[in-house]
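Each value in this text was obtained by applying a stated rule to the coordinates, not by laboratory testing. Being a predicted model, the structure only gives us computed values, none of them experimental. Quick reminder, even Gly has a Cβ in these numbers, built from the backbone with ideal geometry, and neighbours come from all protein chains shown.
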Amino acid sequence: MEGLEADDLGTCPVPPEQRPLRQYEELRQSWFFAWPSESLAGLLKPLAISWLLVLPLTLLVASGSWVLRHDPTRLVAAGMAAAIALPTLLLVRQWLGWSTVHARLMRERVDYEESGWYDGQVWEKPLAWRQQDLLVAQHQVRPVLGRLQQAIGLAAVLMLLGASLARAL
């Protein structure tokens, strides 16, 4: 928010924690939401770790199937495909957070609550705020959404391939 004048900040009725640029900064500094902010590799590493952590549990659950218990290759393929569910849920949560901030940055008006859910207000952003928010949305948030989209597509392909492999074997 360094580009905004002190006069603009003084006339803004939106509480600081509900301002789109502040919400973007909070996401960027968050441990969880920062995964996709730098690179696709920075996103895939924690997702792979979450997959590896849940894999033993999915293998244990899959071993409860009578058919899979006697076919270890299919058991492992089914367990590996099922373990992709946790990384997919993490990706969906990240997508929701980043897309919400992106939408708020792109709007010309800011929806906010003064003291609770029942007193919603709308404030029109000054031109300087709109320009800065659009720049952040286009050059900072859009690439993050692109990386999340790639990762979600990869997770879907891996899940389908794993399920197809388990079925084919």
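Miscellaneous remarks
- Cα gyration tensor category, rounded, prolate or oblate, for segment 108-157 with a/c compared to 1.5: oblate
- Ellipticity at 222 nm from helices only: DSSP H runs of n ≥ 4 in the chain, each -39500 (n - 2.57), divided by the residue count, give -22000 deg cm²/dmol.
- Paramagnetic reach from LEU40 in segment 78-118 [backbone N under 18 Å; point 7 Å along Cα→Cβ]: 88, 91-92, 95
- Taking one quarter of the surface of the C-alpha convex hull of segment 1-131 gives a mean projected area of 11.3 nm².
- Taking packing as the residue-averaged number of other Cβ atoms within 10 angstrom, the listed peptides 25-34, 43-52 run from highest to lowest as 43-52, 25-34.
- Dipole-positive endmost among ALA156, LEU75, HIS102 within segment 39-168 (Cβ charges, Cα centre): LEU75
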